[in-house]
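First up is the structure itself, then whatever we jot down about it.
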Protein chains: 6
Amino acid sequence: MAVYPGTFDPVTLGHEAIVRRALPLFDRIVVAIGQNIRKVDSYFPLEERLAMLREVFAPYPQVSVKHYTGLTTDFCRQCGARFILRGLRSSADFGYERNIAQANNTLDPEIETVFLISSPGLSNINSSIVRDIHRNGGPIAAFLPQAIRYRFPAR
Amino acid sequence: MAVYPGTFDPVTLGHEAIVRRALPLFDRIVVAIGQNIRKVDSYFPLEERLAMLREVFAPYPQVSVKHYTGLTTDFCRQCGARFILRGLRSSADFGYERNIAQANNTLDPEIETVFLISSPGLSNINSSIVRDIHRNGGPIAAFLPQAIRYRFPAR
Amino acid sequence: MAVYPGTFDPVTLGHEAIVRRALPLFDRIVVAIGQNIRKVDSYFPLEERLAMLREVFAPYPQVSVKHYTGLTTDFCRQCGARFILRGLRSSADFGYERNIAQANNTLDPEIETVFLISSPGLSNINSSIVRDIHRNGGPIAAFLPQAIRYRFPAR
Amino acid sequence: MAVYPGTFDPVTLGHEAIVRRALPLFDRIVVAIGQNIRKVDSYFPLEERLAMLREVFAPYPQVSVKHYTGLTTDFCRQCGARFILRGLRSSADFGYERNIAQANNTLDPEIETVFLISSPGLSNINSSIVRDIHRNGGPIAAFLPQAIRYRFPAR
Amino acid sequence: MAVYPGTFDPVTLGHEAIVRRALPLFDRIVVAIGQNIRKVDSYFPLEERLAMLREVFAPYPQVSVKHYTGLTTDFCRQCGARFILRGLRSSADFGYERNIAQANNTLDPEIETVFLISSPGLSNINSSIVRDIHRNGGPIAAFLPQAIRYRFPAR
Amino acid sequence: MAVYPGTFDPVTLGHEAIVRRALPLFDRIVVAIGQNIRKVDSYFPLEERLAMLREVFAPYPQVSVKHYTGLTTDFCRQCGARFILRGLRSSADFGYERNIAQANNTLDPEIETVFLISSPGLSNINSSIVRDIHRNGGPIAAFLPQAIRYRFPAR
């Protein structure tokens, strides 16, 4: 079992692809919104982010959607998950993800982080840019999974 | 025609050089302050940033200075510009600029972003560091275009 | 006018896209194979590389295909080109391209290098990997422009 | 089942740790020397590299050691492996590994590459540096798995 | 004499190692908390950060602990220090540190920044991650110098 | 005392600046050509590289020029040097230099590598590009220290 933690603010085509590609690797994947990390306010409220994740991953019985507070490693323990799943898009991601993964391994040496590299056409999709476009009134459906595009109709 | 978007908070020697080097490439360049991107407050007020840009680019009849709200691609459409101009200073810049350029291309596939790499002596100049120096009472003239240095007299 | 220099060993979908996207920027683009750079033997012979480039760019009357020895900046002078065109795929490319562009600018300060960033789905395509696959008997058509795929039939 | 391909010239503490950490993820791991990739001569002969790998991984019944010629994806097919395992040490590794992983995914879309990031104390260990030290008569045991250190006695 | 500036919020094993390794290079090292840089609130109050630094570096008579406001280069002048000491953990650090070092050199050309690269086992330790763990109620002692671990007892 | 090792094939303005900036840090600097590293042939013969280094550093009585075979750490021991001096130009350099520095520290834990970051105008100068220009008949004087430019007269 793996936990795929993130803020998913909002979930993108990139996140969906990472989960779909990881399905053959894990019997179960918990997509989990970690709250209050760095105390930055989210753009979409927690309930909306959870609802979007549930719509996106509804077709996959192996996948469940949760949220948690506190340490990711503690949440993994509670779930009984030995693996954390993360996507890598770029060498800039790498440095950040490396530090988080190694800190998690220090906190709980039995938990291992497993990485998939984003597919070529998706490595540029970034929740932060999606939020900027939305904030400026732009259309974001092209960056989102099919299942939730209806929520963001074109202008 | 190209739009050169940024916050220009403040305009530096680096920005001036990018515009000057791009002049042979475009019949007209619109240097444009994008407002409210990521909702972060600017350090210098919009009016002061516009005034500085106008002084810096006054010698270049091909260059105009504007500001906009909303999406950069929408502003390009309004201007009739097919190109966005950006400078690249470092490999850290690269990751960020790539994501923005590709998102803009998704929003409007007819708009292309064109990059120049900063000249060797200017690649370290960064508006954020200039602001930090100014905030701490330090002299910033050495980082700014000649035309606006009088605004920031030495201590 | 711009020169797009490279070894094109072989030309890929990535190279084709850079030229096509740069067409609105330049009245004419010379795709030019630079020979003997670093004295490394090429994998495909010069004649075959030229023939492939000519097939790929035949539909574009603005594009011509040439080869040269000596400095790229000297070749630009001979062509009457003020611009060098290059694609950037990754932050690793950035460091290398920056050094070359700045050296060319030192050799001839009137020549400017203009960069486009590879499209999302093409940033992973790399002539060196294509050669490795071909050397190991693998199918390379998926990485190549449509016009030359017939040269490399599937296994 | 996963294939862990490499040149292992020689196998280091870093390689050993990647395999050990991946054991909970895969029922079986095939550590496989790919031959003649890029036609560069190896430093240690194939037989010696295989012998070292076999000594290092002898304690792990899940792990087997093989060698292959041709494409890594073809070798995976022959083994019946759907996963390729690779370690990531640095952001420089990232760019290279991304291109290889995506090319392999193009060659065989059912094969997925899974990455672990090197442990903090091992991210600097690099077969190429180990070879340089050995070539210059230096001691390399500190960089190698315990099981093969006896082969390289201190000076 | 060198100044080792930072926010030390909190001091980590990584900071301690940089100072210890730099001792043979400088007759005296001033570990100095720069206040209000970028006006971001600190996590641990100044007095607590100073107290932790004093405990960590008490065994080293060459090392003193200070704090300052204003420019780092002005503080160096006041101390009579010609060198700034900084650690480099990753290529992401590199870009940021390069810009700061070159800006400081522009502000005061007699001041040189000297870098040590973090030791392999410490390159992943990062005050920002330590703060995140603490904020989420996790144990941080493993990331801190021995002398101050008693302040953060295990859960 | 510090050893500044390299191939210096040829010495550039970048190397000269690193040594000059490091003079206040060390009582003596040994600029040392390491031979046969990676068994790659040099472009300029050893005698010519030594002669160029001696001309460049003749004005500095603290600086001596040597060459060595074998491990850099062994050469440092022979010289009685506890420090290795290296310049960092870019984040690409960082990864390579980190691995070498950490391997040297493993080989001899008393030897520390100290880094200076290249000055803004010199970070793009690279012996490999200088060689490429020379090989193609181009002028290289602009990249070289004043003292040896007479050796490479303009075309």
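When the residues of the range E:77-94 are filtered to those that are over 29 Å from A:N99 (Cβ atoms) and not basic (K, R), the one that is least open to solvent (accessible area, probe 1.4 Å) is E:A81. Among the residues of the range D:90-113, are any in contact (Cβ under 8 Å) with a residue 40 or more places away in the chain and among the β-branched types (V, I, T)? No: zero hits.
Considering the range B:78-103, and only residues there that are more than 8 Å from every other protein chain (Cβ to nearest Cβ) and at pLDDT 95 or above, the residue that is farthest from C:I84 (Cα to Cα) turns out to be B:Q78. What tally of residues in the range D:17-37 results from selecting those that are touching a residue at least 60 places away in the same chain (Cβ under 8 Å) and open to solvent by less than 30 Å² (accessible area, probe 1.4 Å)? Here the count works out to 5. Specify the residue that is farthest from E:T73 (Cα to Cα); the eligible residues are those in the range E:102-142 that are aliphatic (A, V, I, L, M) and in contact with a Lys or Arg (Cβ under 7 Å, 6 or more places away or on another chain). Applying the filter and picking the extreme gives E:A141.
Of all residues being modelled with pLDDT of 90 or more, open to solvent by 20 Å² or more (accessible area, probe 1.4 Å) and more than 12 Å from E:D9 (Cα to Cα) in the range E:117-143, which is farthest from the other protein chains (Cβ to nearest Cβ)? Just the residue, please. Ranking the qualifying residues of the range E:117-143, first place goes to E:A141. Against the criterion of being over 17 Å from the mean Cα position of the chain (by Cα), assigned to a helix (DSSP H, G or I) and small (G, A, S), C:G137 does not qualify.
Contact map, the range C:116-128: residues that are within 13 Å of B:E97 (Cα to Cα) and touching a residue at least 12 places away in the same chain (Cβ under 8 Å) paired with residues that are open to solvent by 30 Å² or more (accessible area, probe 1.4 Å) and in a loop (DSSP other than H, G, I, E, B), Cβ distance under 7 Å, separation 6+ or inter-chain. Pairs shown: C:S118/C:R89.
For (1) over 27 Å from D:R89 (Cα atoms); (2) under 15 Å from the mean Cα position of the chain (by Cα), each residue gets a yes or a no:
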site	(1), (2)
F:K66	yes, yes
F:A81	yes, no
F:I84	no, yes
F:G87	no, yes
F:S91	no, no
F:E97	no, yes
F:L107	no, no
F:I111	no, no
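Within the range F:144-154, restricting attention to residues that are in a helix (DSSP H, G or I) and hydrophobic (A, V, I, L, M, F, W, C), the residue that is least open to solvent (accessible area, probe 1.4 Å) is F:I148. Within the range F:38-52, one or more residues are within 14 Å of another protein chain (Cβ to nearest Cβ) and open to solvent by less than 60 Å² (accessible area, probe 1.4 Å). Within the range A:54-69, none of the residues are over 30 Å from E:A154 (Cβ atoms), crowded, with 22+ Cβ neighbours inside 10 Å and at the interface with chain D (Cβ under 10 Å from one of its Cβ atoms).
The values are calculated or read from the model by the stated rules, or taken from the named source; none is laboratory data. Please read these numbers as outputs of a predicted model, since none were measured by experiment. No Cβ is skipped: glycine too gets one built from the backbone with ideal geometry, and neighbour counts run over all protein chains shown. The protein model used for the area step is the full one, side chains on, heavy atoms only, and it has no ligands, DNA or RNA in it. Shrake-Rupley method; radii C 1.70, N 1.55, O 1.52, S 1.80 Å.
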